[in-house]
1. Given the structure, is E34 exposed (fewer than 15 other Cβ atoms within 10 Å of the Cβ), modelled with pLDDT under 90, outside any helix (DSSP H, G or I) and not β-branched (V, I, T)?
2. Within segment 49-60, is there a residue that is modelled with pLDDT under 95, polar (S, T, N, Q) and outside any helix (DSSP H, G or I)?
3. Here is a check on your reading of the model: is A14 more than 16 Å from L62 (Cα to Cα), assigned to a helix (DSSP H, G or I) and free of Cβ contacts under 8 Å to residues at least 12 places away in the same chain?
4. Report, ordered by the first and then the second residue, all pairs with beta carbons closer than 8 Å, sequence separation of six or more or different chains, a first member in segment 40-64 that is over 18 Å from P10 (Cβ atoms), and a second member that is among the charged types (D, E, K, R) and outside any helix (DSSP H, G or I).
Amino acid sequence: MSTRPECAEPVADAERTPLAHYFQLLLTRLMNNEEISEEAQHEMAAEAGINPVRIDEIAEFLNQWGNE
């Protein structure tokens with residue numbers, strides 16, 4: 001059984017669409033082989049309308065997921 005990292009705070013329904021938009025922006029950059037710097041992550045978070053605190057949680061989730 002795999003364990004997924006827990007968020008410090010559960011994702012609220014109101015956050016789902018902005019988080020989906022953030023992931024879309026992230027995937028677009030990855031597909032275009034663009035660098036994803038800390039500054040770029042903050043720009044995407046602002047564009048998507050997510051709390052910047054979520055950036056580290058998302059990065060941790062993706063690292064864990066990528067290692068499974």
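The values are calculated or read from the model by the stated rules, or taken from the named source; none is laboratory data. Because the structure is a prediction, the values reported are computed rather than measured. Here the Cβ positions follow ideal geometry from the backbone for every residue, glycine too, while neighbour counts run over all protein chains shown.
1. no
2. yes
3. Details: more than 16 Å from L62 (Cα to Cα): yes; assigned to a helix (DSSP H, G or I): yes; free of Cβ contacts under 8 Å to residues at least 12 places away in the same chain: yes.
Taking the combined requirement at face value, the residue satisfies it.
4. A40/E34
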